[in-house]
1. Can you go through ASN110, ASN101, ASN144 and tell me which one is of a type in the set (S, T, N, Q) and within 15 Å of the chain's Cα centre (by Cα)?
2. For the range 83-136, enumerate the residues that are touching a Ser or Thr at 6+ places or on another chain (Cβ under 7 Å) and among the polar types (S, T, N, Q).
3. Pull out all pairs, ordered by first then second residue, where Cβ-Cβ is under 6 Å, the residues are six or more apart or on different chains, the first lies in the range 150-174 and is more than 10 Å from CYS21 (Cβ to Cβ), and the second is of a type in the set (D, E, K, R) and surrounded by fewer than 17 Cβ atoms within 10 Å (Cβ to Cβ).
4. So, in the range 1-27, how many residues would count as being surrounded by 20 or more Cβ atoms within 10 Å (Cβ to Cβ), within 23 Å of THR137 (Cα to Cα) and not β-branched (Val, Ile, Thr)?
Amino acid sequence: MILAPNEPGERILLHLCCGPCGEYPLLKLREAGWDVVGYFHNPNIHPEAEHDRREAAAREFARLHDLELVVESQPREELWRQFSSTSKLEHCRLCIYMRMNRVAAYAGRNGFRFFTTSLLVSPWQEHQMILDAGQVTAERRRINFLAVDFRPGYREGQEMAKRDGLYRQRYCGCIYSLQETDEKFRTPYLEEFGLTLDDLPGRGA
């Protein structure tokens, strides 16, 4: 069950990692009585063409569902390529904390008392890490992180995205996750982006 706002219609900032993952969280938050504002900040997504594609899908999602959307995002591929560790876990931690810190900061500056993220709908994400990052950054900004396990609605959300005609990606976002995705999905991406396997970093520990 999602925590209802203290006052009906209280605003909450929903970080959108992409359009499709926003479907189920937006539905449930609105059902619980929240006034939802979307926030797209995902500099982890690259190449740039993929970032722009997902931003466009988030904008279309917002248009279809009459959602106010704030976009503050530029791809930062060089950041990930320069990161010293090749550990997938360390990359995920950096990525998640970076985004949650930015979301919490925006929420705090703009009068939101609560924020959450659509990352919590994916069964493929580091769920506990997301919860920890949300809580830590919320405390730092003296606001509240709404910790919700949206994962039971993942399939429903994907079907909603399909009906909405939204672009549904096949890898998380960074160059490391592109390496790790199934070959049948990775190969078309590489061909489209003009990349080879040599352009991708190794898997690491």
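1. Values: ASN110 fails: within 15 Å of the chain's Cα centre (by Cα); ASN144 fails: within 15 Å of the chain's Cα centre (by Cα).
It is ASN101.
2. Across the range 83-136, the qualifying residue is only ASN101.
3. These pairs meet every condition: TYR167/ARG53.
4. Residues that pass the stated criteria total 10.
This table checks each residue for (1) more than 19 Å from PHE61 (Cα to Cα); (2) more than 19 Å from the chain's Cα centre (by Cα).
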residue: ALA133; (1), (2): yes, no
residue: ARG140; (1), (2): yes, yes
residue: VAL148; (1), (2): yes, no
residue: GLY153; (1), (2): no, no
residue: GLN158; (1), (2): no, no
residue: ALA161; (1), (2): no, no
residue: TYR167; (1), (2): no, no
residue: THR181; (1), (2): yes, no
residue: LYS184; (1), (2): yes, yes
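Every read-out reported here was derived from the displayed coordinates using simple, explicitly stated rules and does not represent laboratory data. In this text the structure is predicted, and so the values were computed from the model without any measurement. Cβ sites come from the backbone with ideal geometry, for glycine too, and all protein chains shown count toward neighbours.
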